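This report refers to the structure that appears directly beneath it.
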Amino acid sequence: MIIDIITQTDFAAAIEASYHCPGAARVAGLVGHIRAQNPEGTLFLDAGDVLCGAPIANLTDGAPVIALLGQMGVDAMTLGNHEFDNGREAMEAVLGRAAFPILCANILDEATQRVLPFAAPYVLLERGGVRIGVIGVTTAYTPYMVRADRFTGYTVLPPAQVLQPLADEVRRRGADIVVVLSHLPGTVAADGSCAGELFDAADAMDAVDVMIGGHNTGSIACVRGETVFAKAGFSAGQLAHIRLRLDENRQIVERGVRIYDMMDGAEALPPPDAAIQRAVDAVMAPYRPKLNEPLAHLSRPLRVEKDGECALGNFYTDGLREAAKAPVGLFNTTSIFGFMPAGTVTAEMVTHVMCFDEEIYAGDMTGGQLRRLFERTYAREHWRNNWSLQFSGIRVVVDTRRPEGERVVSLCREDGTPIAPETRIRVATTDYIAMGGNDYRDITSLTAWENTHIRTHAFFVEFLRQRGAIPETTDGRMRNLDPAWPDGGDE
């Protein structure tokens, strides 16, 4: 008996094929091809962060995306942190109608101390007489990745705390194979060393058969001992395919995992699923004219750089300043995503890169607050979860060879004037940062933020329409004197 498990993560509502994603029809084509070869033994699992990212997630309540995942044959999905972005009521309304099980064992209703009413801690699935227990968990960092006012009434448990008891339980209930379907980050270095919440959770429990990860970029495909580890790439740019061969006693005798490149390797893949493409076309038709509006031209591709200053980050933070009429604009790098190709820049590209349609806030921060913000940004553990800050109106020099808490060398205005700790300066940011996202809550909560009621997507489309160009070079507003960061240095 062969069990095939296909997994995607951080699908990010990427239902339509574009320069940055293969689209739902291409994914369904591959899943359908594998299922046709093994109709009695195939699972398709989603590791979370579905209700975010692509424009359709912001133009609707996300229900069309969940419906399409059902049509694509998803067998189970675990919650990602972004499922919580629009608040509990909206999340329950959309996910409560899913045609497949929603899993999450470690985020509980604070009042009842039970799993959320639309979710389950695990599901038992059967394929060809083989029982498969699929346990869902979400990163313990979720509270720091969601606006504080939208993540209330929950208890978040460490994944390792719930996984061992649940693995024991599904085995008692007859599971031949145990799969952890998680929205947990992980990385495998070139030397084979493994790190991150995914591997920490695995190391804290008896071995299970499959550990599926999510949340951070990059793919994983490896076998450690008796456990297969798999993590796909964002927006279905890669899919992971686990294959388990069982003997007549339903014991695993062979384990394998591979990554499908859904973009660069598309020519070798099965054709897109025509029925899913028709469904995507029906969903997207009302929005395509507006999303396809040409706004500017790029002579070269621009990418979001997670490790420091980038031209796209400068464009968006310059825009925040303009929207709020503030001298400083800033937000987290994880609020922008991907790249823009050379050629015509459309409204869809602007809203895709600025993934989240947020409200713009403005408030007075002190130089001391700003310094604390950058010191925390360049602490190693915080960096692993959040990457850099993008900003406008100030210049910052750090040296990550220095001890944590002492890494900001200088913090100045654009003209080079140092910003004293007691100086108050008007700052524009997104509602996510203003409300304490990225574990900045103790810093940003000291500011009395004002909502401009300007939403990012409509503003940035108009901002580029008026400006007519995106700067293609950086101007040195961010410098790190440590040439080894982030790959070397303080570890």
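Filtering region 28-45 to residues that are in contact (Cβ under 8 Å) with a residue 40 or more places away in the chain, in contact with a strand residue (DSSP E or B) (Cβ under 7 Å, 6 or more places away or on another chain) and not polar (S, T, N, Q) leaves L30, V31, I34, E40, G41, L43, L45.
Per-residue answers, yes or no, for (1) within 26 Å of K325 (Cβ to Cβ); (2) touching a residue at least 40 places away in the same chain (Cβ under 8 Å):
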site	(1), (2)
D439	no, yes
E450	yes, yes
I454	yes, yes
F460	yes, yes
F463	yes, yes
Q466	yes, no
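Within region 156-168, being open to solvent by 30 Å² or more (accessible area, probe 1.4 Å) and outside any loop (DSSP other than H, G, I, E, B) holds for V156, A160, Q161, Q164, P165, D168.
Counting the residues of region 367-379 that are open to solvent by 10 Å² or more (accessible area, probe 1.4 Å) and touching a helix residue (DSSP H, G or I) at 6+ places or on another chain (Cβ under 9 Å) gives 3. Residues in region 456-479: is at least one surrounded by 12 or more Cβ atoms within 10 Å (Cβ to Cβ) and under 17 Å from A379 (Cα atoms)? Yes. Of the residues in region 254-269, at least one is closer than 24 Å to D10 by Cβ, part of a helix (DSSP H, G or I), hydrophobic (A, V, I, L, M, F, W, C) and in contact (Cβ under 8 Å) with a residue 60 or more places away in the chain. Does region 332-355 contain at least one residue that is farther than 26 Å from D49 by Cα and surrounded by 23 or more Cβ atoms within 10 Å (Cβ to Cβ)? No; the residues of region 332-355 include none that is farther than 26 Å from D49 by Cα and surrounded by 23 or more Cβ atoms within 10 Å (Cβ to Cβ). Being open to solvent by 10 Å² or more (accessible area, probe 1.4 Å) and not charged (D, E, K, R) is the filter here, so list the residues in region 312-324 that pass it. Listed by number, the residues that qualify are A323, A324. Scanning region 72-100 for residues that are within 21 Å of D149 (Cβ to Cβ) and either touching a residue at least 60 places away in the same chain (Cβ under 8 Å) or touching a Pro at 6+ places or on another chain (Cβ under 9 Å) (or both) yields L79, G80, N81, H82, F84, D85, N86, G87, R88, E92. Being assigned to a loop (DSSP other than H, G, I, E, B) and farther than 30 Å from G265 by Cα, is that true of even one residue in region 219-228? Within region 219-228 (the criterion being assigned to a loop (DSSP other than H, G, I, E, B) and farther than 30 Å from G265 by Cα), the answer is no, since none of the residues qualifies. Number of residues in region 291-315 that are outside any strand (DSSP E or B) and either under 19 Å from the mean Cα position of the chain (by Cα) or without any contact (Cβ under 8 Å) to a residue 12 or more places away in the chain (or both): the value is 7.
Taking the criterion of being farther than 25 Å from P64 by Cα and among the polar types (S, T, N, Q), would at least one residue in region 291-304 satisfy it? Yes, region 291-304 has at least one match. For region 146-155, a residue qualifies if it is open to solvent by less than 30 Å² (accessible area, probe 1.4 Å) and of a type in the set (K, R), and exactly one does: R147.
Tell me which residues, restricted to region 403-427, are touching a Ser or Thr at 6+ places or on another chain (Cβ under 8 Å) and either under 20 Å from N386 (Cβ atoms) or crowded, with 21+ Cβ neighbours inside 10 Å (or both). Residues satisfying the conditions are R407, V427.
With respect to the stated conditions, T112 fails to be among the polar types (S, T, N, Q) and closer than 18 Å to I212 by Cβ. Take the residues in region 108-145 that are in contact with a Ser or Thr (Cβ under 6 Å, 6 or more places away or on another chain) and surrounded by 17 or more Cβ atoms within 10 Å (Cβ to Cβ); name whichever of them is farthest from N249 (Cα to Cα). Top of the filtered list is L108.
Residues of region 62-92 that are under 22 Å from T155 (Cβ atoms) and of a type in the set (A, V, I, L, M): M77, L79, A90, M91. A single member of D203, D247, D209, D273 is over 23 Å from H20 (Cβ atoms) and surrounded by 22 or more Cβ atoms within 10 Å (Cβ to Cβ), and it is D209. Within region 3-55, the residues that satisfy the criterion of being of a type in the set (D, E) and over 19 Å from M349 (Cα atoms) are D4, E40, D46, D49.
Open to solvent by less than 50 Å² (accessible area, probe 1.4 Å), more than 30 Å from L298 (Cα to Cα) and among the small types (G, A, S), is that true of G436? So G436 fits the description; yes. Exactly one residue out of L157, L124, L103 is touching a residue at least 12 places away in the same chain (Cβ under 8 Å), closer than 18 Å to A167 by Cα and in contact with a Lys or Arg (Cβ under 7 Å, 6 or more places away or on another chain), and it is L124.
Highlighted here are the helices (runs of 4 or more DSSP H) found entirely within region 1-107 that include at least 1 residues which are open to solvent by less than 40 Å² (accessible area, probe 1.4 Å), modelled with pLDDT of 95 or more and in contact with a Ser or Thr (Cβ under 9 Å, 6 or more places away or on another chain): 24-37.
Would you check which residues across region 329-386 are under 30 Å from P22 (Cα atoms) and among the charged types (D, E, K, R) and list them? Answer for region 329-386, where residues must be under 30 Å from P22 (Cα atoms) and among the charged types (D, E, K, R): E348, D357, E358, E359, R384.
The values are calculated or read from the model by the stated rules, or taken from the named source; none is laboratory data. Quick caveat, the model's predicted, so the values are computed rather than measured. Because the Cβ atoms are built from the backbone with ideal geometry, glycine has one as well, and the counts that use them run over all protein chains shown. Please note that ligands, DNA and RNA were not included when accessible areas were found on the heavy atoms of the full protein model with its side chains. Shrake-Rupley method; radii C 1.70, N 1.55, O 1.52, S 1.80 Å.
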